[in-house]
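K.L.:
Handing you a structure now.
Taken together, the values in this text are just the output of simple stated rules run on the coordinates, not laboratory data. Values in this document were obtained by computation on a predicted structure and should not be read as measured data. Counting neighbours? That spans all protein chains shown, and the Cβs are built from the backbone with ideal geometry, glycine included.
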Amino acid sequence: MTDIAFAKVNFRVRDLDAAVAYATDVLGAEVIRPRTPNAFGEIAIVQLGGLVMEIIAPDGPDSPLAQLIDRRGEGLDSLGFTVPDLPEAVNRTGDAGGRMIGSQGGSETDIAWLHPKNPLGLSLEYLRRDFWSEAVTPRSSK
């Protein structure tokens, strides 16, 4: 797929406040979306230069995300890419042998996930290109 563009890195953590503080205070990242609830728990988005980092934390000790962290640990969760035609990218990936697992709590017109049980061992996220414009055109540094 030549029309795919890198968008973001997703991290799963137990302590969202500590992770955001590290990203901003130590690395110098800028918060572009403060803590908000989402389908997985809570999320904050920071940007460091041209890199957008989505940091997700569970909203409770028994949530599916907390269980995932217990099994696989904290750290890199997935990589996100934008595509100009989401259904086409999903179909192309599935036809080539990729196991697509749906929108995972997001809108099916905006997002699709490739299952992490693949030779890379990592979830990949496809986003409709104009849905994630901040990642395609990073904010300028202050």
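K.L.:
Given contacts defined as C-alpha pairs under 8 Å and at least six residues apart, what's the relative contact order of the range 1-68, whole-number percent? Walk me through the numbers on the way to the answer.
P.N.:
Values: 117 pairs, mean separation 22.2, N = 68.
In percent, rounded to a whole number, it is 33.
K.L.:
Could you give the length gained by full extension between Ile101 and Val31, i.e. 0.36 nm per residue of separation minus their alpha carbon distance, to one decimal place?
P.N.:
Working: separation 70, 0.36 × 70 = 25.20 nm, distance 2.94 nm.
Here the segment from Ile101 to Val31 would lengthen by 22.3 nm.
K.L.:
What does the extension gain come out to for Asp130 and Ala21, with contour length at 0.36 nm per residue minus their alpha carbon separation? Walk me through the numbers before you get to the answer.
P.N.:
Numbers: separation 109, 0.36 × 109 = 39.24 nm, distance 2.89 nm.
Here the answer is 36.4 nm.
K.L.:
Read phi for every residue in the range 50-62 and hand back ³J(HN,Hα) as whole Hz from Karplus 6.51 cos²θ - 1.76 cosθ + 1.60, θ = phi - 60°, with x for Gly and Pro.
P.N.:
My calculation for the range 50-62 gives x, 9, 9, 10, 9, 10, 10, 9, x, 9, x, x, 10 Hz in order.
K.L.:
Over the chain, calculate the relative contact order: mean separation of alpha carbon pairs under 8 Å at least 6 apart, over the residue count, as a percent.
P.N.:
Values: 282 pairs, mean separation 36.5, N = 142.
Contact order relative to length: 26 percent.
K.L.:
Can you give the % of DSSP beta bridges in the chain that are antiparallel, to the nearest 5? Provide the component values of the computation, followed by the final result.
P.N.:
On the way: 25 of 35 bridges.
Close to 70 percent.
K.L.:
Give the long-range amide H neighbours of Ala7: residues separated by 5 or more places, or on another chain, with amide H under 5 Å away, using H modelled in the peptide plane at 1.01 Å from N.
P.N.:
Gly80, Phe81, Thr82
K.L.:
Note down the nm distance, to one decimal, between modelled labels 7 Å out along Cα→Cβ at Leu68 and at Glu108.
P.N.:
Once both label points are built, they end up 2.0 nm from each other.
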